[in-house]
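Here is the structure we will look at, set down as structure tokens.
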Protein chains: 2
Amino acid sequence: MQQSPVPPESPIYRRIADGLREAILAGDLQDGDRLPGENALMVQYGIARATARQALSVLINEGLAVPKRGSGVYVRQFRPIRRHGSRRLSREQWERGQAIWDSDTRGRPYTVDDVNIDKEVAEDFVARVLNSTEVWVRRRRYSVDGRPVQLAVSHFPADLVQDTPITQENTGPGGVYARLGDLGLAPAHFTEEVRARMPHPHETVQLDLPAGTPVIVIGRIAYTAAGVPVEVNEMVLDSASYVLQYDFDS
Amino acid sequence: MQQSPVPPESPIYRRIADGLREAILAGDLQDGDRLPGENALMVQYGIARATARQALSVLINEGLAVPKRGSGVYVRQFRPIRRHGSRRLSREQWERGQAIWDSDTRGRPYTVDDVNIDKEVAEDFVARVLNSTEVWVRRRRYSVDGRPVQLAVSHFPADLVQDTPITQENTGPGGVYARLGDLGLAPAHFTEEVRARMPHPHETVQLDLPAGTPVIVIGRIAYTAAGVPVEVNEMVLDSASYVLQYDFDS
DNA sequence: TAGTGGTCTAGACCACACA
DNA sequence: GTGTGGTCTAGACCACTAA
């Protein structure tokens, strides 16, 4: 009936992970710095390899570190793009230098690849929102500096956009919204629904996401001034590459 | 010089995880359903325990499943609260039945616990935004149905709110914003910065987050009509409990 | 070639849940 | 008590990176 021997503290792998995390969050280890590898941890703490791996996997799944095969485990950085929702209300005071998170303000150009356009039967929620069972769907991927950052899928009611450039790869100057304007259907109101979750496998591939990186999912509905829904756009963003900004009154 | 023997496909643990994920996303397994456990997978696929664990850990880290000690691994659901940013512009058309994600609209009451108020030296970015090195800080946690869903930390310039109920636990009717109004500092404009990341350990504890659940972080700055910043509020939300909605023009 | 991370096996002891 | 997941050891072979 003696007391339990020694296990009052948290498991070894967790204590190791805590130590490394602290070093990262404190800035002792930063940006592309190399973390102690599996072998180093085995020696330093006298543990088995699986345990060292478990410790590192904690940080990897938290998105704080990235493993590079044959090389090592490295600290990850956060330098997002700033995406503006409603910026119409911005005054100088809250437009300049008042950001909470640092971000890349240099307006780097988007690249669009993998454009893909199809006429499809609408999924349930799209059909419900657009009041249309047939839709034209535009899928594309956006990259910045050669790195993919966003997947977007836009849906348009088939009867409204049939035989317009919206069903073509090249939509002409001003893009899709300008063409909707030509039809007298210029988007005037938007609602955006924002959520976050872990990525699905195909998103991990298409966005080249390291483990531990959530995605931000934006469901956006565009309405004309008359209240006609003309577009449902679902965007999937690499959360390590974005900060969303919304400015509003009241 | 014969071809490589058999390993053209993805690793076993991944194929198992893929199969289970498919079952979840297709709805074959849902809500609180129990997944096949480690032992079941070992037998079914003839693999070692560590490999079965690895397969399950994939789903757990994706937030699709939750392990329950001594019981099993269970499918997780997504039934979020809808949080409205700018809703001022909402018309009936885009206010009712036009949501992309299901959400709990029944207005369940928040509970606030762990209220904590202190006068502190402002962190860098807070000091920069508020033009004040000393701030009053209100920390609190919000729960819905007894489950914690949000952590919030509000900062107020010390010189503006000194000796007001804002420095007290009970701020009176209308809350903090009403008291700011009493001072002629009613918030009129807001900017919100939204990002997502994996939670830090203390957030995991305070929000009781299962593995694989990202947090949504909202950095909110409130300005008076005159453009004076009066509050910096950092909110950390359980991403499995929230959908953010923003409505805007243009 | 040496070192790194990726995958996998075959055991072990533990705390906890549930019947 | 039996079964579950949590932690840990001590090996193995592989693919990839970098010198």
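The values are calculated or read from the model by the stated rules, or taken from the named source; none is laboratory data. Predicted, not measured: the structure shown is a model, and the values here were computed from it. So basically every Cβ, Gly included, is an ideal-geometry build from the backbone, and we count neighbours across all protein chains shown.
Figures for the structure shown
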read-out: Qualifying positions in region B:57-79 - modelled with pLDDT under 90 and among the aromatic types (Phe, Trp, Tyr); value: B:Phe78
read-out: Residue match in region A:31-47 (condition: within 26 Å of the chain's Cα centre (by Cα) and within 12 Å of DNA strand C (Cβ to nearest atom)); value: yes
read-out: Criterion violated by B:Gly181 - all others in (1) more than 14 Å from chain A (Cβ to nearest Cβ); (2) more than 25 Å from the chain's Cα centre (by Cα) satisfied; value: (1)
read-out: Counted residues, region B:52-81 - those being crowded, with 17+ Cβ neighbours inside 10 Å and either away from DNA strand C (no atom under 15 Å from the Cβ) or among the β-branched types (Val, Ile, Thr) (or both); value: 11
read-out: Top-ranked residue of region B:164-179 - restricted to ones that are closer than 18 Å to B:Ala152 by Cα and in contact with a helix residue (DSSP H, G or I) (Cβ under 9 Å, 6 or more places away or on another chain), ranked as surrounded by the fewest Cβ atoms within 10 Å (Cβ to Cβ); value: B:Gly174
read-out: Flag for A:Leu237 being assigned to a strand (DSSP E or B) and either within 15 Å of A:Val153 (Cβ to Cβ) or of a type in the set (A, V, I, L, M) (or both); value: yes
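Conditions (1) closer than 30 Å to B:Ile60 by Cβ; (2) within 14 Å of chain A (Cβ to nearest Cβ), marked per residue:
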site: B:Gln168; (1), (2): no, no
site: B:Pro173; (1), (2): no, no
site: B:Pro201; (1), (2): yes, yes
site: B:Val217; (1), (2): yes, yes
site: B:Val228; (1), (2): no, yes
